[in-house]
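Contents: one structure, followed by commentary.
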Amino acid sequence: MTDTQVPPGLKGVVVTTTELGDVRGEEGFFHYRQHSAVDLARTRTVEDVWHLLHRGRLPSPPELAAFRAEVAAARALPAELTALLPALAPLPPLAGLRTALSALPGARPVYDADPAERAADALRVCALTPTVLAALHRHRRGLPPVAPRDDLDAAAHWLWLLHGTEADPRHADALRRYLVATVDHGFNASTFTARVVASTGADVPAAVVAALGAFSGPLHGGAPDRALAALEEIGTPDRAEGWVRAQLAAGGRVMGFGHAVYRTEDPRSVLLRETALELGGPLVDLAVEVERRVVRTLAELKPGRALHANVEYYAGVVMSLCGLEPALFTPTFATSRVVGWTANVLEQATDPRIIRPSARYVGPEPGRRPAPPAARERT
């Protein structure tokens, strides 16, 4: 076996090919198939992009209407999950979702399913994810779940499931941009995890459950609430520089700044900053000025590194302005990213090879002699 040297964390290592999209970190650009993701976020719905990633093209008006009907029909909870969710409500939201998806009846291993069956399973998981998360949220607050509707797009429907009232159109539109901009983003940790599981031939829910485990970490999907908490801790722009210096001196992270891939501004952050400014208000004014001061301080303390605001910084601001509490930030992120995970699962399912990398052993030198006998207990 060839002992190939790879960088820590597989940074920059190409592990497969994909037709779904790419992130060009040096350019500050990412795309879904052949379309700019930011342009899609400004002009298209989640369902448009969902159709693009799962079926290969942006839908025509008749195709979009038919696709929305498919999604609406798959939103209702099966009886097995309806009975299970009250017991899962005390868990953290993503843990509850993982357990619910594990119990989803009728899941077929992608190894045994034909392409149409895989596509149906993927659509079902995507359609059910917001319903499950919103029901868990309402159960935790002693409220009955809200029945899904078939006349709302994904962004407005998510707010409906959470609150039981129709959202302010400005909030629904702002959330739509956020959801479209976060559907997919290259081979991030959770997406790669989903593909590894899919490569074993497991079912679609299993791959998504694994992705959710990776996604729950504070360095991945669990970041937006921490970024907003940091902004609130700073409190006023004049405290930003001192706060950053104290964080770095203590060996901490400045949540909401810097990215593993981008060497320019994160295009999602630029989009969400614009969105936040359109909504306006004191929180936005604070965020913009704090961003300016934090970037300036980081440039002084870490010269040569491009540490700009990332998607999590303004994601928390936008979601807060749309009436979502911090505990819902990562679940909201999950309702969009599940579309990207399942698109990757469908693509991976066409490759018969299992993903099975190697590790370099660096422990004590192994011996060829038999292991010493087990110690006997004294009697």
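Tabulated values for the structure
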| read-out | value |
| --- | --- |
| Breaking point among (1) without any contact (Cβ under 8 Å) to a residue 24 or more places away in the chain; (2) in a loop (DSSP other than H, G, I, E, B); (3) farther than 30 Å from Thr200 by Cβ, for Gly363 | (3) |
| Residue pairs meeting the criteria (Cβ under 6 Å; at least 6 apart or on separate chains; first under 19 Å from Asp39 (Cα atoms), in segment 272-292; second basic (Lys, Arg)) | Thr275/Arg177 |
| Count of segment 197-215 residues which are of a type in the set (S, T, N, Q) and either in a loop (DSSP other than H, G, I, E, B) or within 12 Å of the chain's Cα centre (by Cα) (or both) | 1 |
| Test: Arg170 is assigned to a helix (DSSP H, G or I) and either farther than 30 Å from Pro267 by Cβ or at pLDDT below 95 (or both) | no |
| Count of segment 104-154 residues which are among the small types (Gly, Ala, Ser) and either in contact with a strand residue (DSSP E or B) (Cβ under 9 Å, 6 or more places away or on another chain) or at pLDDT below 95 (or both) | 3 |
| Tally, over segment 290-315, of residues that are under 25 Å from the mean Cα position of the chain (by Cα) and polar (S, T, N, Q) | 1 |
| Elements of type helices (runs of 4 or more DSSP H) in segment 33-127, at least 3 residues being within 19 Å of Ala194 (Cα to Cα) | 46-55, 93-102 |
| Residue among Gly242, Gly258 that is outside the structural domain of Val125 (by TED's automatic domain parsing), surrounded by fewer than 17 Cβ atoms within 10 Å (Cβ to Cβ) and more than 16 Å from the chain's Cα centre (by Cα) | Gly242 |
| Given (1) more than 16 Å from Glu80 (Cβ to Cβ); (2) out of contact with any Lys or Arg (no Cβ under 6 Å at 6 or more places or on another chain), number of the condition Val110 does not satisfy | (2) |
| Test: residue in segment 179-188 that is in contact with a Cys (Cβ under 9 Å, 6 or more places away or on another chain), of a type in the set (D, E, K, R) and touching a residue at least 12 places away in the same chain (Cβ under 8 Å) | no |
| Given (1) without any contact (Cβ under 8 Å) to a residue 40 or more places away in the chain; (2) in a helix (DSSP H, G or I); (3) acidic (Asp, Glu), number of the condition Glu377 does not satisfy | (2) |
| Inter-residue pairs, beta-carbon under 9 Å, first surrounded by fewer than 18 Cβ atoms within 10 Å (Cβ to Cβ) and in segment 114-143, second among the β-branched types (Val, Ile, Thr) and not in a helix (DSSP H, G or I), 6+ apart | Pro115/Thr350; Glu117/Val110 |
| Residues (buried (at least 18 other Cβ atoms within 10 Å of the Cβ) and more than 25 Å from the chain's Cα centre (by Cα)) located in segment 269-289 | Leu286 |
| Any helices (runs of 4 or more DSSP H) falling wholly within segment 216-282 and containing at least 2 residues that are under 21 Å from Phe30 (Cα atoms) | 267-279 |
| Number of the condition not met by Leu248 [criteria: (1) surrounded by 21 or more Cβ atoms within 10 Å (Cβ to Cβ); (2) at pLDDT below 95] | (1) |
| Qualifying residue in segment 333-356 (condition: assigned to a loop (DSSP other than H, G, I, E, B), farther than 30 Å from Thr4 by Cα and of a type in the set (A, V, I, L, M)) | no |
| Residue match in segment 98-109 (condition: charged (D, E, K, R), under 30 Å from Ala327 (Cβ atoms), in contact with a Ser or Thr (Cβ under 9 Å, 6 or more places away or on another chain) and crowded, with 16+ Cβ neighbours inside 10 Å) | yes |
| Scope segment 290-317; condition among the aliphatic types (A, V, I, L, M), buried (at least 23 other Cβ atoms within 10 Å of the Cβ) and assigned to a helix (DSSP H, G or I); matching residues | Val290, Val294, Val311, Ala315, Val317 |
| Residue in segment 115-123 that is touching a Pro at 6+ places or on another chain (Cβ under 7 Å) and over 21 Å from Tyr32 (Cα atoms) present | no |
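One line per residue, one yes/no per condition, for (1) surrounded by fewer than 18 Cβ atoms within 10 Å (Cβ to Cβ); (2) of a type in the set (A, V, I, L, M); (3) under 23 Å from Thr332 (Cβ atoms):
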site: Val14; (1), (2), (3): yes, yes, no
site: Glu19; (1), (2), (3): yes, no, no
site: Glu26; (1), (2), (3): yes, no, no
site: Ser36; (1), (2), (3): yes, no, yes
site: Asp39; (1), (2), (3): yes, no, yes
site: Thr43; (1), (2), (3): yes, no, yes
site: Glu47; (1), (2), (3): no, no, yes
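Residues are listed down the side, and each one gets a yes or a no for (1) under 25 Å from Thr350 (Cα atoms); (2) at pLDDT 95 or above:
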| residue | (1), (2) |
| --- | --- |
| Thr4 | no, no |
| Gly21 | yes, yes |
| Pro61 | no, yes |
| Arg68 | no, yes |
| Pro90 | no, yes |
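The values are calculated or read from the model by the stated rules, or taken from the named source; none is laboratory data. If you're wondering where the values come from, they're calculated on a predicted model, not measured in any experiment. Glycine gets a Cβ as well: all are built from the backbone with ideal geometry, and neighbour counts include every protein chain shown.
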